[in-house]
Amino acid sequence: MVLIESLINGLIQGSIFAVFAASFTIIFGVMDIPNMGHAALFAGGAYAFYQLVNLTGLPWVVGLIGAVLIIALLGAAIEKAIISPLYDRKESEYVFGVILVTIGLSRILERGYAQIWGHSPKYIELGQLQEGSIQVVDTSVSHLELVVIAFAIANFVFLYWLINYTEIGLSLQAIVQDRELAIMRGINVNRVFLVAFTLGAAMISAAGILNAAMFTLEPTLGFSLLIKAFIIVILGGIGRVMGAMVAGYALGLYETFAVLYLSSYYIYASEFAVLIAFFLLKAIILNEGEESLITGLRKRAKSLRQGVIR
């Protein structure tokens, strides 16, 4: 029973991790910058939903759609008004400028949430989703937890379709792989940047609503997830949505099982130890010009086999 319960909890936690990291890596991979304000948009979606549903009294479905649209529009406004003016700067100025701007924006948004809705934790109500449950092998799973897993699956199915079968998705891939070549082929990079930022904001707002509904809502909601998103994105590959999905679920399952045996301090330490080991392995395995760790490992294994045969 403990095994099944931990597995289900890991899938639920992993769903939030995976969606957070996927929305983060879309922006990171396309625009070459980590959006340090991502956690603030995560909380912003939850606060918008809280205002529309808990305070205004709209049905939760309407509130969910409304909150996602609000944060998507906020993301588009941030990209156009604050980030796009930095595109013409030198690379170092662009990267540091965007990091500093998004950190400052994050602090402004968090303070704004606190001023409007207060510092105390808030509780999001989703009616039957939170009250109803089903039994899975003697383990009770709420309807909300099932919705979280279903949302993550639907999110990645949509992203797979978008990235592989639409013009904007192919443009996203082209920019991630080689921005200069994409520009030479006539891809409107600024337009793709706007789409990536808006899409990432919409995804993260929905994840924030579901996360707040399972736990509580406060201005700094999502900050710890931002740190985990860096680990997930690096392990899964910057700009690789499906890599973020796999790494996100892996991290969620690991934390759920690790908490049975380790304190939170050692869990976090072990996650960063894996990240350090990954960087060291990548530095040792890869030669100049190689980008994929898996490709590098295959080449080394092939060389090793040939050496043994000889």
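Assorted remarks:
- Residue that is outside any helix (DSSP H, G or I) and among the aliphatic types (A, V, I, L, M), where the choices are Val157, Val148, Val195, Val141: Val141
- Filtered by the rule that a residue be open to solvent by 10 Å² or more (accessible area, probe 1.4 Å) and more than 30 Å from Asp88 (Cα to Cα), the stretch 13-28 gives a lone residue, Gln13.
- The single condition among (1) surrounded by 15 or more Cβ atoms within 10 Å (Cβ to Cβ); (2) on the phi > 0 side of the Ramachandran plot that Leu194 does not satisfy is (2).
- Looking only at the stretch 29-61, and only at residues there that are closer than 21 Å to Val233 by Cβ and open to solvent by 10 Å² or more (accessible area, probe 1.4 Å), the one that is farthest from the chain's Cα centre (by Cα): Asp32
- For the stretch 174-182, the condition of being over 22 Å from Phe28 (Cα atoms) and in a helix (DSSP H, G or I) holds for none of the residues.
- Of all residues in the stretch 131-166 being crowded, with 17+ Cβ neighbours inside 10 Å and polar (S, T, N, Q), the one that is farthest from Val2 (Cα to Cα): Asn155
- For the stretch 217-250, filtered to residues that are of a type in the set (Gly, Ala, Ser) and part of a helix (DSSP H, G or I), the residue that is modelled with the lowest pLDDT is Ser224.
- Pairing each residue of the stretch 74-95 that is farther than 15 Å from Met36 by Cα and among the aromatic types (Phe, Trp, Tyr) with any residue that is open to solvent by 70 Å² or more (accessible area, probe 1.4 Å) and modelled with pLDDT under 90, provided the two are 6+ apart or on different chains, yields C-beta distances under 9 Å for Tyr87/Asn190.
- For the stretch 200-242, filtering for residues that are among the small types (Gly, Ala, Ser), open to solvent by 20 Å² or more (accessible area, probe 1.4 Å) and touching a residue at least 24 places away in the same chain (Cβ under 8 Å) leaves 2.
- For the condition modelled with pLDDT under 90, in contact with a helix residue (DSSP H, G or I) (Cβ under 6 Å, 6 or more places away or on another chain), under 30 Å from Lys90 (Cβ atoms) and assigned to a helix (DSSP H, G or I), Ile33 does not qualify.
- Qualifying residue in the stretch 64-80 (condition: modelled with pLDDT of 90 or more, outside any helix (DSSP H, G or I) and over 19 Å from the mean Cα position of the chain (by Cα)): no
- Only one entry of Ile99, Ile4, Ile70 meets the criterion of being in contact (Cβ under 8 Å) with a residue 24 or more places away in the chain, open to solvent by 30 Å² or more (accessible area, probe 1.4 Å) and touching a strand residue (DSSP E or B) at 6+ places or on another chain (Cβ under 6 Å), and that entry is Ile4.
- Among the residues of the stretch 17-35, some residue qualifies, meaning at least one is on the phi > 0 side of the Ramachandran plot and out of contact with any Cys (no Cβ under 6 Å at 6 or more places or on another chain).
- Breaking point among (1) touching a Leu at 6+ places or on another chain (Cβ under 8 Å); (2) closer than 17 Å to Thr198 by Cα, for Val62: (2)
- When residues in the stretch 73-95 are screened for being of a type outside the set (Ser, Thr, Tyr) and surrounded by 14 or more Cβ atoms within 10 Å (Cβ to Cβ), 10 of them pass.
- Check on Phe223, more than 18 Å from the chain's Cα centre (by Cα) and at negative phi: no
The values are calculated or read from the model by the stated rules, or taken from the named source; none is laboratory data. Only a predicted model underlies this, so the values are computations on that prediction, with no experimental measurement involved. Please note: Cβ atoms are built from the backbone with ideal geometry, for glycine as well, and neighbour counts cover all protein chains shown. Accessible surface is based on the protein model in full, side chains and every heavy atom, while ligands, DNA and RNA are left aside. Shrake-Rupley method; radii C 1.70, N 1.55, O 1.52, S 1.80 Å.
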